[in-house]
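A short write-up of the structure that comes next.
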Amino acid sequence: MPYNPDIHHRRSIRLPEYDYAAPGFYFVTLCVHGRLPLLGAIADGTVHLNAAGRMVEEWYHRCAEHFPDIECLEMVVMPNHFHCIWHNTGIDADANHTLSGEHTGSPLQRVVQWFKTMTTNAYIRGVEQHGWPTFDTRLWQRNYYEHIIRDQQSYEEIVTYILENPLRWHDDKLYVP
């Protein structure tokens, strides 16, 4: 079906007036398209990443190399989704000063877009070179979930959620048997 703006509306789940380039802590969830378990498995509450899951984990840590104002904090790669906390420091690590210009730091959507691009390209190489399972249309769902972490209590609750996510896998709304 061709795109029709009268019936096809993508509702943004972002806060309309919030500057997602502002320094702060962001809890992000990305889901594999179709919720396919392409990244590993969970047994007895423990994540067992396959090569694709380890690749996702590696690219997460490489975000800080590409974006000097981004710190990669807690994360977990699940069989069909990924949770992380990115901290936008607002600091340019190369110049050791606050970034100047229109924004104070790297916009969250640009960090997510870069991460999705890098992991998708690496996954395609894995399919071609190592026979990883193929995906239909795209590796990641088009959108992503984000939550702005506003205080220490919220941060601690989210860290606990991330760390305990494998233990609750069978009760997770993203669980697909």
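Just so it is clear, none of the values below were taken in a lab; they were calculated from the coordinates. As the structure is a prediction and not an experimental result, all values here were calculated from the model. Cβ coordinates were reconstructed from backbone atoms using ideal geometry, including for glycine residues, and neighbour counts include every protein chain displayed.
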Q.
For I91, I70, which order do you get if you count the other beta carbons within 10 Å of each Cβ and list the fewest first?
A. I91, I70
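For M75, what charge total do you get from the other residues with a beta carbon under 13 Å from its beta carbon, if Lys and Arg give +1 and Asp and Glu give -1? Provide the component values of the computation, followed by the final result.
Numbers: positive: R54, R62; negative: E57, E58, E71, E74.
Once positives and negatives cancel, what remains is -2.
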Q: Please arrange Y26, Y175 by counting, for each residue, the other beta carbons lying within 10 Å of its beta carbon, fewest first.
A: Y175, Y26
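For the residues K116, K173, what sequence is obtained by ranking on other C-beta atoms within 10 Å, fewest first?
Numbers: K116 18, K173 5.
Final ranking by Cβ density, sparse to dense: K173, K116.
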Q. How large is ³J(HN,Hα), in whole Hz, for each residue of the range 26-38 in order, when computed from phi with the Karplus curve 6.51 cos²θ - 1.76 cosθ + 1.60 and θ = phi - 60°, using x for Gly and Pro?
A. 10, 8, 10, 10, 10, 10, 5, 4, x, 6, 6, x, 8
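Sum up the charges of everything whose Cβ sits under 14 Å from the Cβ of N50, counting Lys and Arg as +1 and Asp and Glu as -1, but leave N50 out.
On the way: positive: R54; negative: E57, E58.
Result for the local shell: -1.
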